[in-house]
Amino acid sequence: MTLFLRIVLGLAVLLLPLGHRCLAEDNGAISRGYEAVKTDLGNFYLDRENLTRLGIGIAGAAVFANTGMDRYLRNKYQDDLRSNGTDETTKIFNYSATAVAVVLAPAYLGAYGAGKLLHNSTMVDWAKNSVRATIAGGPALVLLAAATGGDRPNEGDSKWGAYQNFHGVSGHTYFSAIPFITAAKMSENAYQKAIFYGISTLPGVSRINDDKHYFSQVALGWFIGYLSCAVVEKGNDQREGRVHVQLASVPKGIAITLQKTY
């Protein structure tokens, strides 16, 4: 998880300031990129509605983690549902956190670069939105993973105890779900949305199948990822409604230009 965060933060420095095709001529490009991140963080940690949703998610996970429900679901799945077929089906998502970084971080950078070359704004926006979402929910992920302190199924139970362990939230699920949730939110087709949302849950299912995380840990990891993508979407909507005022010198005075993006 730590390696992935370092790589994503490095990509943020590269991707977020480059939202304007004439970077060399626009001194405000870098500030706009960091302003976007600042807006995302504010919408995640200072917005009452988002904090309420996060609180509901935490409360729901707490019910499963601090009762016998997590252990019951784990035993039921491992004893009755897991098979060679489920192992083969989820194998594509059976990778370590380091592998997540190795695959996703270059994927974001590659999509951004390809999108710029092909003048495909969808690819560029997907890469930037995914990185922004990863950054937005990162502090909550790290804090809750430590504060809940749950164990892996093969280490103990999922009951919460602050800083006893670092597996109370599935970071694997969080990182892997974000690119698909981002794609779902960017899609205007209902069927595509459903497909992307469905795929976003598969990494978490693979962690349950491989007995790496309890249900509550996977569910909370996915939900934080969803909230992260939601605040990025909200930030984009807020910026689209802004009016930009520009002043320019002309031979006989000053010209004022108003620009609104829809």
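Once you've got the Cα coordinates, tell me which of Lys38/Lys185; Lys91/Lys116; Lys76/Lys159; Lys128/Lys159 are over 28 Å apart.
On the way: Lys38/Lys185 21 Å; Lys91/Lys116 33 Å; Lys76/Lys159 18 Å; Lys128/Lys159 36 Å.
Pairs exceeding 28 Å: Lys91/Lys116; Lys128/Lys159.
First measure r as the distance between the Cβ atoms of Asp210 and Glu49, then evaluate 1/(1 + (r/R0)^6) with R0 = 30 Å and state the FRET efficiency to the nearest 0.05. Working shown, then result.
Values: r = 35 Å, r/R0 = 1.16.
That pair, Asp210 with Glu49, gives E of 0.30.
Measuring from label point to label point, each 7 Å out along Cα→Cβ, what is the Lys116 to Asp157 span in nm?
5.3 nm
Kindly put Ile208, Ile199, Ile92 in sequence by how many other C-beta atoms sit within 10 Å of each C-beta, fewest to most. Walk me through the numbers before you get to the answer.
Values: Ile208 25, Ile199 17, Ile92 10.
Least crowded to most crowded, the residues run Ile92, Ile199, Ile208.
What is the distance, in nm, between label points placed 7 Å from the Cα along the Cα-to-Cβ direction at Val142 and at Lys193?
3.3 nm
Ala107 versus Lys91, label points 7 Å from Cα toward the beta carbon: distance in nm?
1.9 nm
Which of the peptides 55-67, 127-139, 176-188 is most tightly packed, and how do the rest follow, going by the mean number of other Cβ atoms within 10 Å of each residue? Walk me through the numbers on the way to the answer.
Working: 55-67: 16.2, 127-139: 25.6, 176-188: 21.8.
Descending packing order for the listed peptides: 127-139, 176-188, 55-67.
Work out, step by step, the length gained on full extension between Met69 and Glu240: first 0.36 nm times the residue separation, then minus their alpha carbon distance; give nm to one decimal.
Difference between extended and current length: 57.1 nm.
So, by mean Cβ neighbours within 10 angstrom, what's the order for 33-42, 116-125 with the highest one leading? Write out the running numbers ahead of the final one.
Details: 33-42: 17.3, 116-125: 13.6.
Averaged packing, sorted descending, gives the order 33-42, 116-125.
No value in this document is a laboratory result; all are computed from the given coordinates. From a predicted model like this one, the values you see are computed outputs, not experimental measurements. Here Cβ is always computed from backbone atoms with ideal geometry, including for glycine, and neighbour counts include all displayed protein chains.
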